[in-house]
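J.: So that we are looking at the same thing, I have put the structure below in structure tokens.
The values are calculated or read from the model by the stated rules, or taken from the named source; none is laboratory data. Treat the numbers as computed from the prediction; the structure is a model and nothing was measured. When we count neighbours, we look across all protein chains shown, and the Cβ atoms used for this are built from the backbone with ideal geometry, even at glycine. Quick note on the areas: whole protein, heavy atoms, side chains included, nothing else; ligands and nucleic acids left out. Shrake-Rupley method; radii C 1.70, N 1.55, O 1.52, S 1.80 Å.
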Amino acid sequence: MKVCIIGAGASGIAACKVMKEHKIDFDCYEKGSDIGGLWWYNNDNGMNSIYKSLCINTSKQMMSYSDYPMPDNYPDYPHHTLIHRYFRSYAEHFGFIPHIRFNTTVTHIEKKGKQYLVSCGMEQPKAYDAVLVCNGHHWNPRFAHFEGSFIGKVIHAHDYKTPEGFEDKKVLIVGIGNSAVDIACELTTVAEKVVISTRSGAYIIPKYLFGIPTDHISKPPLAYAPLAVQRLALQTALQINVGRQENYGVPLPNRPILTEHPTISQDLLNKVGHGKIFIRPNIRQLRGKTVIFDDGTEEEFDMIIHCTGYNMTFPFFDKHFIDPKDNNVQLYHKVVHPEHEHLYFIGLIQPLGAIMPLSEVQAKWVAAILEGKSKLPSKDKMIRTIKLNREEMRKRYKDSARHTVQVDFYPYKRLIEQAIRNR
């Protein structure tokens, strides 16, 4: 069995470690000159999307790989430079760096019989028995589209790095996700005015509740409780710690809590409450430098930053082979492609929690499948399960590109661990 791993980011290095641990022969191809993916700020692969001030929004305990915890001297929410250092240490400790071909871009993958031909530029294609796609899903910017046109500067959060160049500007941020809120809070230090435009709002959850990282509270057994119980617990904790977010000036979404991906921020409510950030509804129309909102109000801005998510993109697959339209890839348990044997996707999820430990357990499942120790159901059963999961997601979350790969951390981890044990 010869395996190809695409990407050496947080998911790719977990896959490398697991394949090496199981003595499965593999090559890993990385476009950049170092590991780390989006967590390497200076990444030269052209796909980096983090900003200079970024810190993680899940605790270090939640984000760590199972058998290699982050150092005790790391803070609860480390800066991205510490995360990249941790990834480097992880790779060196488990000794899989020699398996990674850096500065190598996978340009095309074609299925021939039961094998996959992997091409890297002008090199001769190489045959593999299995492919693990770990190229991430936060690098190809998705922009919102509005009527009219804007004559000021327009960028995506992907291209935002520092507040330099935003001094004394009126800035409109489209979206209220984690990146939008982080950038908005940072720009209050230099910009003349910062406004967030949101179509549906978001529940704002601080990084700390009762003086401890918030994700420490949502561990089992609460993580396995009925959704109504989880909602009540979280709403009670928020009421005690921060009160009602609408009292700060941040409107609540129309949907109940835990039916949309929440926004993690320790600062937004206070910034809005102090008049440093203003919240506006969705944009109706753009007219020069004037923005008209759905409530009829109008304002002029110098810059617009789209914090509107990313498109899942697999440039090495032909569209007729795999087309992730609207970020919808039909995968069994978010990993296994039912139509193509031994084609797997690692880290193509959006958890309420960190991706890294889930990527690790996904890779362990793939290793068990490749070794014949874990059995997959029939193709028809996998397709039925995919459809059922999609229907369940539509009931809980609004139907959007953001929620196509949404999972709950602990229940999903348990699901994959059960799949590993399926003999």
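J.: Report yes if residue 76 is within 18 Å of the chain's Cα centre (by Cα) and open to solvent by 20 Å² or more (accessible area, probe 1.4 Å), otherwise no. Please lay out each step first, then the result.
T.: Values: within 18 Å of the chain's Cα centre (by Cα): no; open to solvent by 20 Å² or more (accessible area, probe 1.4 Å): yes.
No: the conditions fail for residue 76.
J.: May I ask you to list the residues in the range 85-99 that are under 22 Å from the mean Cα position of the chain (by Cα) and either under 26 Å from residue 212 (Cβ atoms) or loosely packed, with under 13 Cβ neighbours inside 10 Å (or both)? Can you show your working first?
T.: Our first condition is that a residue be under 22 Å from the mean Cα position of the chain (by Cα); within the range 85-99, this holds for 85-88, 90-91.
Hits for the range 85-99 are 85, 86, 87, 90.
J.: Oh, and also: Among the residues of the range 143-158, write down those that are open to solvent by 40 Å² or more (accessible area, probe 1.4 Å) and either part of a strand (DSSP E or B) or modelled with pLDDT under 95 (or both).
T.: Going residue by residue through the range 143-158, those that are open to solvent by 40 Å² or more (accessible area, probe 1.4 Å) are 143, 145-149, 151, 153-154.
Correct list: 147, 148, 149, 153, 154.
J.: Name the single residue, out of those in the range 257-276 being open to solvent by 20 Å² or more (accessible area, probe 1.4 Å) and small (Gly, Ala, Ser), that is farthest from residue 213 (Cα to Cα).
T.: Ranking the candidates gives 275 first.
J.: What's the number of the only condition in (1) under 21 Å from the mean Cα position of the chain (by Cα); (2) buried (at least 20 other Cβ atoms within 10 Å of the Cβ); (3) assigned to a loop (DSSP other than H, G, I, E, B) that residue 191 fails to meet?
T.: With respect to (1) under 21 Å from the mean Cα position of the chain (by Cα); (2) buried (at least 20 other Cβ atoms within 10 Å of the Cβ); (3) assigned to a loop (DSSP other than H, G, I, E, B), residue 191 is out only on (1).
J.: Could you identify the single residue in 83, 50, 100 that is among the aliphatic types (A, V, I, L, M) and in contact with a strand residue (DSSP E or B) (Cβ under 6 Å, 6 or more places away or on another chain)?
T.: On the way: 83 fails: in contact with a strand residue (DSSP E or B) (Cβ under 6 Å, 6 or more places away or on another chain); 50 fails: in contact with a strand residue (DSSP E or B) (Cβ under 6 Å, 6 or more places away or on another chain).
After ruling out the rest, the residue left standing is 100.
J.: Evaluate the following for residue 42: is it open to solvent by 60 Å² or more (accessible area, probe 1.4 Å) and modelled with pLDDT under 95?
T.: Values: open to solvent by 60 Å² or more (accessible area, probe 1.4 Å): yes; modelled with pLDDT under 95: yes.
When the stated conditions are applied, residue 42 passes them.
J.: Within the range 175-188, take every residue that is among the hydrophobic types (A, V, I, L, M, F, W, C) and open to solvent by 10 Å² or more (accessible area, probe 1.4 Å) and give me the one that is farthest from residue 76 (Cα to Cα).
T.: To start, the set of residues in the range 175-188 that are among the hydrophobic types (A, V, I, L, M, F, W, C) comprises 176, 180-181, 183-185, 187.
Cutting the leftovers down to open to solvent by 10 Å² or more (accessible area, probe 1.4 Å) gives us 176, 185.
On the way: 176: 23, 185: 20 Å.
Only one residue tops the list, namely 176.
J.: Follow-up question, since we're still on this one. Return yes or no: is residue 131 open to solvent by less than 70 Å² (accessible area, probe 1.4 Å), within 13 Å of residue 5 (Cα to Cα), part of a strand (DSSP E or B) and among the hydrophobic types (A, V, I, L, M, F, W, C)?
T.: Details: open to solvent by less than 70 Å² (accessible area, probe 1.4 Å): yes; within 13 Å of residue 5 (Cα to Cα): yes; part of a strand (DSSP E or B): yes; among the hydrophobic types (A, V, I, L, M, F, W, C): yes.
Considered against the rule, which asks whether it is open to solvent by less than 70 Å² (accessible area, probe 1.4 Å), within 13 Å of residue 5 (Cα to Cα), part of a strand (DSSP E or B) and among the hydrophobic types (A, V, I, L, M, F, W, C), residue 131 comes out as yes.
J.: If residue 64 meets every condition in (1) in contact (Cβ under 8 Å) with a residue 24 or more places away in the chain; (2) open to solvent by 50 Å² or more (accessible area, probe 1.4 Å); (3) of a type in the set (Gly, Ala, Ser) apart from one, which number is that one?
T.: All conditions are met except number (2).
J.: Within the range 219-256, how many residues turn out to be among the aliphatic types (A, V, I, L, M) and surrounded by 17 or more Cβ atoms within 10 Å (Cβ to Cβ)? Quick ask: steps written out before the conclusion?
T.: Our first condition is that a residue be among the aliphatic types (A, V, I, L, M); within the range 219-256, this holds for 222-223, 225, 227-229, 232-234, 237-238, 240, 242, 250, 252.
Applying the additional criterion that residues be surrounded by 17 or more Cβ atoms within 10 Å (Cβ to Cβ) yields 223, 234, 237-238, 242, 250.
Matching residues across the range 219-256 total 6.
J.: Could we say that residue 57 is assigned to a loop (DSSP other than H, G, I, E, B), open to solvent by 10 Å² or more (accessible area, probe 1.4 Å) and in contact with a helix residue (DSSP H, G or I) (Cβ under 7 Å, 6 or more places away or on another chain) here?
T.: Details: assigned to a loop (DSSP other than H, G, I, E, B): yes; open to solvent by 10 Å² or more (accessible area, probe 1.4 Å): yes; in contact with a helix residue (DSSP H, G or I) (Cβ under 7 Å, 6 or more places away or on another chain): yes.
When the stated conditions are applied, residue 57 passes them.
J.: Hey, does the range 314-331 have a residue that's more than 25 Å from residue 108 (Cβ to Cβ), out of contact with any Cys (no Cβ under 6 Å at 6 or more places or on another chain) and either open to solvent by 10 Å² or more (accessible area, probe 1.4 Å) or not basic (Lys, Arg) (or both)? Steps first, please.
T.: Let us first name the residues in the range 314-331 that are more than 25 Å from residue 108 (Cβ to Cβ), namely none.
No: the range 314-331 contains no residue that is more than 25 Å from residue 108 (Cβ to Cβ), out of contact with any Cys (no Cβ under 6 Å at 6 or more places or on another chain) and either open to solvent by 10 Å² or more (accessible area, probe 1.4 Å) or not basic (Lys, Arg) (or both).
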